[in-house]
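**Student:** Could you have a look at this structure, given as structure tokens, before my questions?
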Amino acid sequence: MRIDVHNHFMSKGLAHALEKLSEFPYSRFVDGAYRFYCHKALTTPMTPEFYNVEKKIDDMDSNGIDVAILSVSIPGPERVGSSKADELAKIINDELAEIIAKRPKRFWGYASLGFGNIDTSLKELDRCLSQLKFRGLGLFSNINGKPLDSPEFRPLFARLAELRRPTFVHPTIPINQNYLMDLIPVPVLSFTTDTTMAGMRLALSGMLSEYATAPINNPACGRDDSVPDGKARWFCRADAAIFPTRGKAQGNCSRSYTWTRLYIGSMN
């Protein structure tokens, strides 16, 4: 079976809700389609391949994909903040469940969370995994400007580890924006920078080893073309440089084990 673990959908419910906002993120209906205004340097159009089920199936068939695991594209609900973010996450998850129900043998799902309140987010995660039968959690490379290894998010990773469910990490508006988003297209450098930092912080903080039964797929990292297999190597360089002095201080962060919990992809 060939499974596409990096496949997005865009939520019509989210588009309708963000149309009411005037600050980032917001949406507008332009020339017959919604556009998500995520940041002054990043706008994403809601084109049919992101919401039309039959279009997705055709694309999958033409590329030999048996199953696609769907996650919401940027902007995520967490960018809105407060309890409204939690409400939007539920809207997104219910909409994704409807898409999966139409073709359950072709689509699986990653849950979305709002992080307006961590207890509310944990309850929504449980609902998505138990009732909606999603396969794991979709996270962005930072949670509204906070790194994934922030202490407030540890209960979430603990729950995923308890359930042995994976996390899919996708880039978003980066934490560090200086000179990254003015001249250079955002997906070219900003995305890879933020996801690479997210992965390194999860490892070096000890969270990968502490919650080792919750593997993390981080598919949009920096690439080193000098390596034949094309895998991201920023992590390995940090491993060699930092772990000899930090390994014991951060718990069981051994090279041989910690990096096996992080599944790395690269952007070409």
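**Student:** Which cross-chain or sequence-distant (5 or more) residues have an amide H under 5 Å from the amide H of LEU70, H modelled 1.01 Å from N in plane?
**Tutor:** It is TRP108, GLY109, TYR110, by chain and number.
**Student:** What are the principal axis extents of the Cα atoms in the stretch 93-134, in Å, biggest first?
**Tutor:** Dimensions of the stretch 93-134 along the principal axes of its Cα atoms: 33, 15, 11 Å.
**Student:** Run the count for the stretch 85-180, please: Lys pairs, Cα-Cα under 25 angstrom, 8 or more apart or on different chains.
**Tutor:** Pairs that pass both the separation and distance tests number 9.
No value in this document is a laboratory result; all are computed from the given coordinates. Everything quoted here is computed from the prediction, not taken from an experiment.
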